[in-house]
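Reviewing the structure listed below.
The values are calculated or read from the model by the stated rules, or taken from the named source; none is laboratory data. Keep in mind the model is a prediction, meaning the values are calculated, not measured. Glycine gets a Cβ as well: all are built from the backbone with ideal geometry, and neighbour counts include every protein chain shown. Side chains included, ligands, DNA and RNA excluded: accessible areas come from the protein's heavy atoms. Shrake-Rupley method; radii C 1.70, N 1.55, O 1.52, S 1.80 Å.
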Amino acid sequence: DEIPLSLLARAVVDFNKKQGKEIPKIEVCDGIPLHEVSDFLKSISIFVLTSYYEGFPTVLLEAAANGNALVSTKFDGFSDEVLKDKHNGYVVDFSVKAFSEKIQKLIDDGALLVSMQKQSLEVIRAYLDEYKVIERWENAL
């Protein structure tokens with residue numbers, strides 16, 4: 001049922017080539033050493049999460065905190081407080097076409113990409129606001 005990320009990345013590139021579009025650079029990472037995560041996230045523009053399930057989407061928090069536009073599926077554990085569709089990224093169905101279209105849209109529209117990157121920083125600042133975190137814990141308890 002699951003599509004390995006490397007296959008999805010190749011499928012996204014192939015899909016775009018068939019549409020006559022090129023994705024300038026796509027990098028597939030099976031794993032990054034913990035001490036390199038922050039530098040890696042600072043070096044990219046768009047963070048893509050292809051997942052059916054996440055306990056808590058920490059990686060989306062990290063990507064947003066590093067100013068990345070986000071593209072992700074909606075999964076169990078998903079927080080729309082971190083990824084606001086069409087605001088700081090896109091929430092997509094789990095399909096090659098859906099990922100391809102949104103990634104290509106961000107590549108084609110530099111102003112949109114920069115806007116979503118800035119919005120990611122704003123969203124994460126609001127999400128991690130000290131008082132909101134305390135309030136969430138109080139409500140959960």
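Just a few scattered comments:
- All conditions but one from (1) among the aromatic types (Phe, Trp, Tyr); (2) open to solvent by 50 Å² or more (accessible area, probe 1.4 Å); (3) modelled with pLDDT under 85 apply to Phe94; the one that does not is (3).
- Count of residues meeting criterion [modelled with pLDDT of 90 or more, more than 9 Å from the chain's Cα centre (by Cα) and under 19 Å from Val133 (Cβ atoms)] in the range 62-87: 3
- Residue list for the range 102-139, filter: crowded, with 19+ Cβ neighbours inside 10 Å and either farther than 21 Å from Asn66 by Cα or among the β-branched types (Val, Ile, Thr) (or both): Ile103, Ile107, Val123, Ile124
- Of all residues in the range 48-85, those being in a strand (DSSP E or B) and open to solvent by 50 Å² or more (accessible area, probe 1.4 Å) number 3.
- Qualifying residue in the range 86-97 (condition: closer than 15 Å to Ala69 by Cβ and in a helix (DSSP H, G or I)): no
- Scanning the range 15-30 for residues that are open to solvent by less than 80 Å² (accessible area, probe 1.4 Å) and at pLDDT 70 or above turns up just one, Gly20.
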